[in-house]
Amino acid sequence: MSAADLPAVPTAKGPLLRARDLHRSFGSTPALRGAELSVDAGEIVAVMGPSGSGKSTLLHCLAGIFPPDRGEVWFDGGRLDRLSESRRTELRRTSFGFVFQFGQLVPELTVADNIALPLLFNRDDRKDAYRRADEWLTRLELDGLGGRRTGELSGGQAQRVAIARALVIHPRVLFADEPTGSLDSLTGERAMDLLTDLARAEGTTVVLVTHDARVAAYADREVMVRDGLVTSPYPVEGGR
Amino acid sequence: MSVPLTLLGLLDREPSHGYDLKRDYDTYFVRGKPLPPGQVYSTLGRLARDGKVVAGESESGSGPDRRRYAITPTGRAEVESWLAEPVDSDPNLQTVLFVKVVLALMLGRDAEGYLDRQRASHLQRMRELTTLRRSSDPVDALLADHRLFHLEADLRWIDLTAARLTSLADLVAAS
Ligand SMILES: Nc1ncnc2c1ncn2[C@@H]1O[C@H](COP(=O)(O)OP(=O)(O)OP(=O)(O)O)[C@@H](O)[C@H]1O
Ligand SMILES: [Mg+2]
C-alpha cells in the first residue's frame, strides 16, 4: 500500500505528520493527555523530555504501532489512526523505518540478512534485496561485515546495521527512540552523523526521541514532552 | 551577577526598606557572602536616580535609612524583560539563572517558561556548534566539542532545576 491509498483530505499541502489532541492511557496511568505535534516533510525533529513523560508513547501513536485512545494522527493527508491494524502494519512496513535502543536485529541472522529483511518482507526480488543491502553496508561504513551474525557485533556496529535496515526501504519517516542510548559519546556521535546525513540525503523525515541534548542538537528543532503534553518554545503554526 | 536587577526584582514583590532587601538578598541569593549595607543604599540611590524606584518619606526612628522604596513601572518593565531573556552561557550562567528562577517564583511569574526559553536558546547554540563541528578541521572541532559539553552541563542543571521547581516554590513561599 502506498500513502496515496490513504483516505484523502482536501488540504494537499501541510505537515507530513500531525498529532492532534492525542490521549493514551495504560490502565489508570495517563501517558498522553492532549499531545499535539506537527512535522513537515524532510524535517528532523527531536522529541525531548523527562523519563516517563510520554515520548515513546507519542512516537508509537505517530507510527501507528498502537492507536491513541482519543485524538487524531494524520500522515500524508490521511487519518492513520482510523486504519485497520493490518493496514497500519502494511504502512509501517512500506513507509516507516524504526531505530530503537535495543533488540531490533535478529541475532541469528547475518548483517546482510538483517538489512535485506524489510525488502524481502515487502516481496522484493531476493537478489536485488541483497544488492541493495550491500549498498547500505557501505553507506554505513560496515563494509566486510555483511556475513557476520549481528549477535557478534559491537553496540555501535549493531546500531549502524539498525539504521541501514530502517533506511533500506526508503521510508517517508524514520522513527528513532533513543538510538544512541546504549552507546558511548564517540560511537553515538558517529551513528548520529550517519543517520542525519543519510536522512537528509534521502529527504527522509525523522522523529528522534532522545533525552541527550547532544543528540537533539542534530535535529532542526526540538519539542519537549512534559506530563503527556508537547510544549514548544517556538510559535507553532495553528497554535498548540 | 546583577545586584541592581536583583534588588529591583525583590522590590517588585512589595515596597520595602533597604534592610529587608538586604536580608532577603542574603537569604536567597548569596551563600556566605552578605551584601554590604552601603552597597544596598548606593544601589537604591542609583535606581531612584534612574527612575526605576521611588523613595518614600523618611520614617521616624533610628537607623541609617528608614525610607521605604517602591518599584516604578519602568523598573517593573526592566525586571520583566531581564527575567524573560535567556542568559548567555558563561561561567556565571548558573548564578544568574538561579537568581532569576528564585525571583520569578517569588513574583509568581512563569519560571518554567523562562527555563524553557533558556533551554531553547542553549539548544539553538548547540545546533550551531554541531554544524560547525561537523564542517571544521579537527582543532576547531575539538573546540566546538568543548563548548558543546559545557552547554550540555548547563542544560542538565536547567532540567534538574525545572524538575525541582515545585519544591523550590514551596520553599520560597514558606518564608
Ligand atoms: N506498555 C505500558 N504499560 C503500562 N504503562 C506504560 C506502558 N508504556 C508506557 N507506560 C507508562 O506511560 C507513561 C509514559 O511512558 P513512556 O514510555 O511514553 O515515557 P518516555 O517519555 O518514553 O520515558 P523514557 O524516557 O523513560 O523512555 C509512563 O508512566 C509509563 O510508565
Ligand atoms: Mg521512552
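What follows is calculated from the coordinates using simple rules that are stated; it is not laboratory data. Because the structure is a prediction, the values reported are computed rather than measured. Don't worry about glycine lacking a Cβ; one is built from the backbone with ideal geometry, like all the others, and counts go over all protein chains shown.
Taking the charge dipole of segment B:3-84 about its Cα centre, with +1 at Lys and Arg Cβ atoms and -1 at Asp and Glu Cβ atoms, the residue from B:SER16, B:VAL54, B:THR27 reaching farthest to the positive side is B:THR27.
In nanometres, what is the gap between the two model label sites at A:THR29 and B:ARG147, each 7 Å from Cα along Cα-to-Cβ? Using points 7 Å along Cα→Cβ, the separation is 4.0 nm.
Full extension of the chain between A:SER86 and A:SER51 gives 9.5 nm of extra length, using 0.36 nm per residue less the Cα-Cα distance. Take each residue of peptide A:201-207, count the partner chain Cβ atoms within 10 Å of its Cβ, and average: the result is 0. Rank A:LEU58, A:GLY78, A:THR110 by how far each Cα sits towards the positive end of the charge dipole of chain A (+1 on Lys, Arg Cβ; -1 on Asp, Glu Cβ) and give me just the farthest. So the residue furthest toward the plus end is A:GLY78.
Per residue of peptide B:113-123, the mean number of Cβ atoms on other chains within 10 Å of the residue Cβ is 3. Close amide H contacts of A:LEU229 (hydrogens built in the peptide plane, cut-off under 5 Å, sequence separation of 5 or more or a different chain): A:ARG33. With angles folded into 0 to 90 degrees, how steeply does helix A:126-139 sit against the dominant principal axis of chain A? Use alpha carbons for both and round to 10. Tilt of helix A:126-139: around 80 degrees. Phi angles of segment B:110-118 translate, via the Karplus equation with coefficients 6.51, -1.76, 1.60 and θ = phi - 60°, into HN-Hα couplings of 7, 4, 4, x, 4, 5, 4, 5, 4 Hz per residue; Gly and Pro are given as x. Between the alpha-carbon centers of segment B:119-175 and segment A:108-125, tell me the distance in whole angstrom. Spelled out, the Cα-based centre of one part sits 40 Å from the other. Treating r as the C-beta distance of B:ASP26 and A:PHE102 and R0 as 41 Å, the FRET efficiency rounds to 0.20.
Across peptide A:210-223, the mean count of Cβ atoms from other chains lying within 10 Å of each residue's own Cβ comes to 5. For segment A:41-160, the residue among A:LEU119, A:PRO67, A:VAL47 whose Cα projects farthest onto the positive side of the dipole built from Cβ charges is A:PRO67.
For segment A:9-72 versus segment A:187-232, the spacing of their alpha-carbon centroids is 15 Å.
Within the listed set A:LEU186, A:LEU22, A:LEU229, the Gaussian network model of chain A (springs between alpha-carbon atoms below 10 Å) gives the highest mean-square fluctuation for A:LEU186. Rounded to the nearest 10 degrees, the inclination of helix B:37-49 to the longest alpha-carbon principal axis of chain B is 90 degrees.
Coupling constants for segment B:151-159 follow from the phi torsions by the Karplus curve (6.51 cos²θ - 1.76 cosθ + 1.60, θ = phi - 60°), and in residue order they are 4, 5, 4, 4, 4, 4, 5, 4, 5 Hz; glycine and proline get x. Database remark: amide H of A:LEU174 closer than 5 angstrom to the amide H of A:GLY97, A:THR205, A:VAL206, A:VAL207 (H placed geometrically; neighbours at sequence offset of 5 or more, or on other chains; Pro and chain starts carry no H). Within chain A, the longest run free of exposed loop sites, counting GluC sites (Glu not before Pro) that sit outside DSSP helix and strand states (H, G, I, E, B) and have at most 15 other Cβ atoms within 10 Å, spans A:1-107. Each Lys and Arg adds +1 at its Cβ and each Asp and Glu adds -1 at its Cβ; summed about the Cα centre, chain B shows a dipole of about 240 debye. Averaging the Cα positions of each part gives two centres, and for segment B:65-81 and segment B:1-44 these lie 12 Å apart.
For segment A:31-47, 3J(HN,Hα) computed residue by residue from phi via the Karplus equation (6.51, -1.76, 1.60; θ = phi - 60°) reads 9, 10, 10, x, 6, 10, 7, 9, 10, 7, 4, x, 7, 10, 10, 8, 10 Hz, glycine and proline entered as x. Helix B:18-28 and the longest principal axis of the C-alpha atoms of chain B enclose an angle of approximately 30°. Entry note, chain B: relative contact order of 20 percent, from Cα contacts under 8 Å with a spacing of 6+ residues. Tell me which residues come under 5 Å, amide H to amide H, from A:PHE100 once H is placed; ignore anything under 5 positions away on its chain. When sequence neighbours closer than 5 places are left aside, the close amide H contacts are A:ASP177. If you count Lys pairs in the protein assembly as shown whose Cα atoms are under 25 Å apart, skipping same-chain pairs closer than 8 places in sequence, the total is 5. What shape does the protein assembly as shown take by its C-alpha gyration tensor, where a ≥ b ≥ c are the square roots of the eigenvalues and a/c under 1.5 counts as rounded, a/b above b/c as prolate, and the rest as oblate? In terms of gyration-tensor shape, prolate.
Taken about its Cα centre, the protein assembly as shown carries a charge dipole of roughly 460 debye when the Cβ of each Lys and Arg holds +1 and the Cβ of each Asp and Glu holds -1.
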